[in-house]
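Below: the structure, in structure tokens.
The values are calculated or read from the model by the stated rules, or taken from the named source; none is laboratory data. Being a predicted model, the structure only gives us computed values, none of them experimental. No Cβ is skipped: glycine too gets one built from the backbone with ideal geometry, and neighbour counts run over all protein chains shown. For the accessible areas, the whole protein counts, side chains as well, though only heavy atoms, and no ligand, DNA or RNA atoms are used. Shrake-Rupley method; radii C 1.70, N 1.55, O 1.52, S 1.80 Å.
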Amino acid sequence: MDLEYVKEFICLAKIKNYMEAADNLFISQSALSKHIQAIEAELGVQLFERSSRKAYLNEAGELFLTYANRLIETYDECTESFLDIAKSGNNSLAIASIPMMTQYGITDWLAKFRRENPNVGMNVVEGTYYQMLELLRDNKCDFAFVRENDESIEEFKHILITNDWLVAVLPVSHPLASRETIALEELKDEPFLLPVKDTRTYSTCIKACRKAKFEPKMSFTSRGVSTNIDLVTKGMGVALLMRRAAEFSARSDVALVDIVPKVETSIYLLYNKKKKWNNAAVKFIKMFTDEG
């Protein structure tokens with residue numbers, strides 16, 4: 001049984017909605033449905049009672065959820081144990097990252113390093129900003145790709161990876177959709193669709209609105225970019241997103257309009273200042289500094 005499918009099952013069991021679960025997992029809704037069906041085919045039972053919008057666990061699903069949690073917990077313990085062994089050597093890296101690795105070219109960097117260093121093991125995990133800082137502080141990861149924050153930049157060594165900036169996502173029928181730029185105060189009466197509160201993008205949006213002298217009226221928050229864009233098309237409000245993330249999931253029925261004054265953020269590679277590096281880590285840092 002594919003453990004990634006099991007993780008997806010646990011996510012769907014918690015959220016109870018295919019679209020929202022797929023957004024959280026950064027896969028398509030059809031892919032999630034196929035993966036759940038694959039588990040059901042292997043077990044020989046149906047796990048969910050499905051309606052048009054919700055997916056509720058049935059009796060078999062509740063039973064499998066118990067075992068699924070045990071499977072993932074055991075797998076995580078096993079992975080962590082062997083990661084500790086590998087990190088005691090000289091040929092492995094533990095890397096944490098924001099979920100949007102593709103949009104910011106992080107997957108390209110990781111693939112490049114793997115091609116140039118095929119014998120170096122890499123364990124890559126996604127996490128929230130604060131989870132990644134704790135991993136760095138506890139020496140449970142070597143590097144973390146994060147969205148900028150003044151405190152983290154001072155605490156850790158850092159390498160600039162790329163920049164991004166805030167845009168308003170509007171339905172094409174919106175009166176401001178044809179504009180090249182919008183001042184945030186022009187949107188102050190709109191209901192806002194924002195990322196969830198534990199993200200750096202959320203705090204960036206709130207800070208920008210307050211600088212424009214208003215508190216945003218929040219209609220919805222979601223970790224999934226495509227969910228917020230879909231809600232824009234359904235008239236639920238205006239989304240504030242980072243351009244490169246929005247472009248990745250954009251559709252023909254929405255417009256992306258730059259916010260002025262420009263609200264920029266940067267993606268950094270962070271690592272501890274005083275840590276003793278193995279050869280693999282030195283090569284990883286060198287890949288970015290040589291490019292710079």
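Would you kindly work out the equivalent ellipsoid of the chain from its C-alpha gyration tensor and give its semi-axes, the square roots of five times the eigenvalues, largest first in whole Å?
Values: eigenvalues 218, 180, 47 Å².
Ellipsoid semi-axes (Å, largest first): 33, 30, 15.
Using the 2.2 N^0.38 Å rule of thumb for compact globular proteins, work out how the stretch 91-240 stacks up: its C-alpha Rg over that value, please.
Numbers: Rg = 18.1 Å, N = 150, 2.2 N^0.38 = 14.8 Å.
With N residues counted in the stretch 91-240, Rg over 2.2 N^0.38 Å equals 1.23.
Taking the Cα centre of the stretch 227-289 as origin and charging only Cβ (+1 Lys, Arg; -1 Asp, Glu), how large is the dipole, in debye to the nearest 20?
Details: 11 positive and 5 negative charges, 157 e Å.
Its charge dipole is roughly 760 debye.
Restricting the count to DSSP beta bridges whose residues both fall in the chain, what percent are antiparallel, rounded to a multiple of 5? Don't jump to the answer; show the numbers that get you there.
Working: 24 of 43 bridges.
Antiparallel: roughly 55 percent of the beta bridges in the chain.
Let me make sure I get this right: for the stretch 200-250, a, b and c are the square roots of the gyration tensor eigenvalues over alpha carbons, sorted descending. Under 1.5 in a/c it's rounded, otherwise prolate if a/b > b/c, else oblate. Which is it?
oblate
Going by accessible area, probe 1.4 Å, with all protein chains left in place, what is the ranking of 100, 242, largest first? Write out the running numbers ahead of the final one.
On the way: 100 30, 242 5 Å².
Per-residue accessible area, sorted high to low, gives 100, 242.
Compute the Cα gyration tensor for the stretch 1-60, then decide on rounded, prolate or oblate, letting a ≥ b ≥ c be the square roots of its eigenvalues: rounded whenever a/c is under 1.5, prolate when a/b is larger than b/c in the other cases, and oblate in all that remain. If you can, show how the numbers build up before the last one.
Working: a/c = 1.69, a/b = 1.13, b/c = 1.50.
Verdict is oblate for the stretch 1-60.
Taking all protein chains together and a probe of 1.4 Å, list 1, 287 from the most accessible to the least accessible. Write down the numbers at each step before the final one.
Numbers: 1 90, 287 15 Å².
Putting 1, 287 in descending order of accessible area: 1, 287.
Rg/Rh for the stretch 232-292: what does it come to with C-alpha atoms and Rh from Kirkwood?
My calculation puts Rg/Rh at 1.21.
What is the dipole size for the chain, taken about its Cα centre, with +1 at each Lys and Arg Cβ and -1 at each Asp and Glu Cβ, in debye to the nearest 20?
Details: 37 positive and 41 negative charges, 113 e Å.
That gives the chain a dipole magnitude of about 540 debye.
Can you work out the accessible area per residue across the chain, with the rest of the protein chains kept in place, probe 1.4 Å, in square angstrom?
Details: 15460 Å² over 292 residues.
Result: 53 Å² of accessible area for each residue.
Can you send over the solvent-accessible area of residue 226, 1.4 Å probe, protein chains only, in Å² to the nearest 10?
Rounded to the nearest 10, the figure is 50 Å².
Along the charge dipole of the stretch 1-80, which of 74, 19, 9 sits closest to the positive end, that is, farthest toward it, with unit charges on the beta carbon of Lys, Arg, Asp and Glu (+1, +1, -1, -1)?
19
Counting every Cα pair in the stretch 171-292, what percent are over 18 Å apart? Present the calculation step by step, with values, prior to reporting the outcome.
Numbers: 4287 of 7381 pairs.
Distances greater than 18 Å cover 58 percent of the Cα pairs.
Leaving out ligands, DNA and RNA, and with a 1.4 Å probe, what % of the accessible surface on the chain is carbon or sulfur?
Values: 7780 of 15460 Å².
Of the solvent-accessible surface of the chain, carbon and sulfur hold 50 percent.
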